[in-house]
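**Student:** To start, I am sharing the structure in question, which I have written as C-alpha cells.
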Amino acid sequence: MSVKIRIPSQLRNLTGGEGMVETDAGTVGRIIMELENLHPGIAERLLDGGEVRRFINIYVDGDDIRFDKGLDTSVADGSEISIVPAVAGG
Amino acid sequence: MATTAEQLKCKECGRSYPLAALFVCDFCFGPLEVAYDYGKIRRRATKDRIALGPPSLWRYADFLPVENKPSVDLQAGFTPLIKADRLAAKLGLKKVWVKNDTANPTHSFKDRVVSVALQRALELGFEVVACASTGNLANSVAAHAAASGTEAFVFVPANLEIQKIIATAVYGVNVVKVRGNYDDVNRLCTEIASEKKWAFVNVNVRPYYAEGSKTLAYETAEQLGWRAPDKVVVPVASGSLLTKIHKGFWELGEVGLIRRKAPVVYGAQAEGCGPVAAAFKEGLEHVKPCKPDTIAKSLAIGNPADGVFALEVARATGGVIESVTEQEIVDGIKLLAETTGIFTETAGGVTTAVLAKLAAAGRIYRDEEVVLFITGDGLKTLDAVAGTLETFEIDPNFSQFEEEVLENVVKST
C-alpha cells in the first residue's frame, strides 16, 4: 500500500511526464519531501517560505488541506493526493 | 483584424508566455493575464469606430484577445444602462444606474466571457468546449456551443437549481451533474483539463474568457457619454468580474477614451459564502477558503481564484468588500424589482443589498454617481423568493373581487 499523487500538467516536466506518482504514507509535508527526493526541483514549485504557494491547492481524498492541518495533515495508506492550480472557476 | 494582445503574463511573478491555451504560470502557478499593446489600441479604437460597430460586445473587439470577430454568435452585450431614480430615492441617493445584464442572450453576464472564450478556443484549434459552472456559465456555454456547432461538456453541482440545469440541457450538450459543491466540480474539471484536449472556458482558456468581463466597463462608460461613474458595486464569486471591470475602466483611461480616474470599486458577497469580504474585514492579504452555504449559488465559490486581486482593487480604489445575510439578499431582490422593474437572480439581490448597506452606512454620498452591476435573471432562481410573495385568489365573481381584493389594496381604491 502507498499514497497516490496526481501531478498537474505544469509539473510533469519534473516527473518525466508521469501524471501519477506513488510514495509512502505520512504527512503532506513529508510526502512533498519524498517527492523532492524522487523528482528534484518539485518542492520549490509547491512551497514558498515553507508554506504551500498561494495559487496551489492540495487535496487529500478530495478535501482541501487548508481545512485540515495544512502541511501537517496526515495521509493514510491508500489515499490519493491531488495538486491543483487554484486559478480556475468563476 | 490582427489582435492587439501581445502575450500572457503571470500576475504573480511577471513571467511571459505566448498567446496559447495556458492559464497558470509554469513556475509559481500564478494566474496568467493577457497583456496588450495599448499604443495600437489607442490608434485604432476611436469613439467613431466604436459607434459604428455592432450593438454587441464585439464593438470593443480592439480591446479583446481574439484574431477575428466570430462569424456566428449570439450578439451578447450592449445591454441597457438604466437610470434608477426610484431606487436611488429609496436609498437616499440621487444618481444610481443599473447595468442590466439580465438582458443577455442566456440572461447573464456570462455570455460576454463565453463569447470571447469560444472564439479564442476555436482560433486555438479546439474542437470541444467545456466548463465548470454554478449554472449561468453552463447555460451560456451550452447556447454558444449550439449556435456554433461545437461539441460541449458542462459540469455542474448536482444540487443546482432545476431551471439552470434544464436551460443548459435544452441546447443538446452533454450535462454532467457532479455530486459535490462548485469547488469540487472545479477541481475535477482542472484535473480533466490536464488529461483532455478540451477548451475548459474557465480553466485552460481562462485568461481569454476573463477579458470578456471588461466589456461591462466599456459599455457603461460609453452609455454615460464616455466617462466613468464615481463608484461601482460588483458581485464577487471568483473575484474575476470585479478585477476586470476595474481593468476595463483603467484601459479606457490609458487609451484616452475617458479621463484617467478609476471608480471606487465595491465588492458584494453573501455572508454564507463571503471569504473575500471576511479577508477584507480582517485586513488579510490572502483569502481563507470557506464551505459555501447560501441561496446565492452563483456566488458560492468557497475558494475564489481571484479573491486576492479583488481585495487589492477594493483597497487601492478606496472601496470595500461587504457581505449581506440571506434575508437581506431576498429583500435586495424585491427592492430592485419594486423600484426598477428588473427581476434579478440571487447574485443581484446580494449586489443590491450591499448598495443599500453602504448607503445606510453613509459610505456613498448623496451626489455621487453609482453603477450597480446586475449580472443574472431572477427567473433562474425563483425558489429564492417563491415563498415570500403574496397573491390574491378569488372566484370569477365581482363582489368577491371587491371584498377580497379591493378591500385589501388600500392604495388603488
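**Student:** Which FRET efficiency value, to the nearest 0.05, do you get for B:Ala35 and B:Glu282 by plugging their Cβ-Cβ distance into 1/(1 + (r/R0)^6) with R0 = 25 Å?
**Tutor:** Step by step, r from the Cβ atoms, then E = 0.20.
**Student:** Also, I was wondering about something else. Output the pairs from B:Lys94/B:Lys357; B:Lys69/B:Lys247; B:Lys99/B:Lys214 with a Cα-Cα distance over 19 Å in this structure; if there are none, say none.
**Tutor:** Pairs exceeding the cut-off: B:Lys69/B:Lys247.
**Student:** Over the alpha carbons of the protein assembly as shown, what is the largest minus smallest coordinate on each principal axis, giving the biggest first in Å?
**Tutor:** The Cα atoms of the protein assembly as shown stretch 83, 55, 46 Å along their principal axes.
**Student:** How many partner chain Cβ atoms sit within 10 Å of a residue's Cβ in peptide B:286-292, on average, as a whole number?
**Tutor:** Neighbouring Cβ atoms belonging to other protein chains average 2 per residue here.
**Student:** Taking neighbour Cβ counts within 10 Å as the exposure measure, how do B:Ser140, A:Ser82 sort from fewest upward?
**Tutor:** A:Ser82, B:Ser140
**Student:** Fewest to most neighbouring Cβ within 10 Å: what's the order for B:Thr346, B:Thr388, B:Thr294?
**Tutor:** Going from least to most buried by this count: B:Thr388, B:Thr294, B:Thr346.
**Student:** Moving to a separate point now. Please list the equivalent ellipsoid semi-axes of segment A:3-85, computed as the square roots of five times the alpha-carbon gyration tensor eigenvalues, in descending order and whole angstrom.
**Tutor:** Those come to 17, 15, 12 Å.
**Student:** Could you list B:His246, B:His286 so that the one with the fewest beta carbons within 10 Å of its beta carbon is first and the one with the most is last?
**Tutor:** Sorted ascending by nearby Cβ count, the order is B:His286, B:His246.
**Student:** Cβ neighbours within 10 Å, averaged per peptide: list B:152-162, B:44-54, A:30-40, B:192-202 in order, most packed at the top.
**Tutor:** Put in order of decreasing packing, that is B:192-202, B:152-162, A:30-40, B:44-54.
**Student:** Quick one: helix B:110-123 against the long Cα principal axis of chain B, what's the angle to the nearest 10°, folded into 0 to 90?
**Tutor:** 20
**Student:** At 222 nm, what value in deg cm²/dmol follows for chain B if DSSP H runs of at least 4 each add -39500 (n - 2.57) and the sum is divided by all its residues, to the nearest 500?
**Tutor:** -11000 deg cm²/dmol
**Student:** Here's a follow-up. Can you tell me how segment B:142-292 classifies by the Cα gyration tensor, rounded, prolate or oblate, using a/c under 1.5 as the rounded cut?
**Tutor:** Note, shape of segment B:142-292 comes out oblate.
**Student:** Efficiency by 1/(1 + (r/R0)^6): what FRET value for A:Glu51 and B:Ser71, r their Cβ-Cβ distance, R0 = 56 Å, to the nearest 0.05?
**Tutor:** So, using R0 = 56 Å, E works out to roughly 0.70.
**Student:** Here is a further query. Sort B:26-37, B:63-74 by packing, meaning the average of other beta carbons within 10 Å per residue, with the highest value first.
**Tutor:** Answer by packing, highest mean first, reads B:26-37, B:63-74.
**Student:** Between the alpha-carbon centers of segment B:341-373 and segment B:106-146, tell me the distance in whole angstrom.
**Tutor:** First find each Cα centre; the distance between them is then 29 Å.
**Student:** In degrees from 0 to 90, rounded to the nearest 10, what is the angle of the helix B:346-360 Cα long axis to the longest principal axis of chain B?
**Tutor:** 70
**Student:** Counting Lys and Arg as +1 and Asp and Glu as -1, what is the net charge of the other residues whose Cβ lies under 15 Å from the Cβ of B:Ala359?
**Tutor:** With Lys, Arg at +1 and Asp, Glu at -1, the net is 0.
**Student:** Just the C-alpha atoms of chain B: what Rg/Rh do they give, with Rh taken as the Kirkwood radius?
**Tutor:** Radius of gyration relative to Kirkwood radius: 0.98.
**Student:** Return the calculated 222 nm mean residue ellipticity for chain A, to the nearest 500 deg cm²/dmol, obtained by summing -39500 (n - 2.57) across DSSP H runs with n ≥ 4 and dividing by the residue count.
**Tutor:** Value at 222 nm, helices only: -5000 deg cm²/dmol.
**Student:** Something else: Using a 10 Å cut-off on Cβ to Cβ distances, tally the other chain neighbours for every residue of B:19-30 and report the average as a whole number.
**Tutor:** 5
Any read-out appearing in this document is the output of simple, stated calculations on the displayed coordinates, not a laboratory observation. Remember, predicted model here, so these are calculated numbers, not experimental data. With ideal geometry, Cβ positions are generated from the backbone for all residues, glycine too; neighbour counts draw on all protein chains shown.
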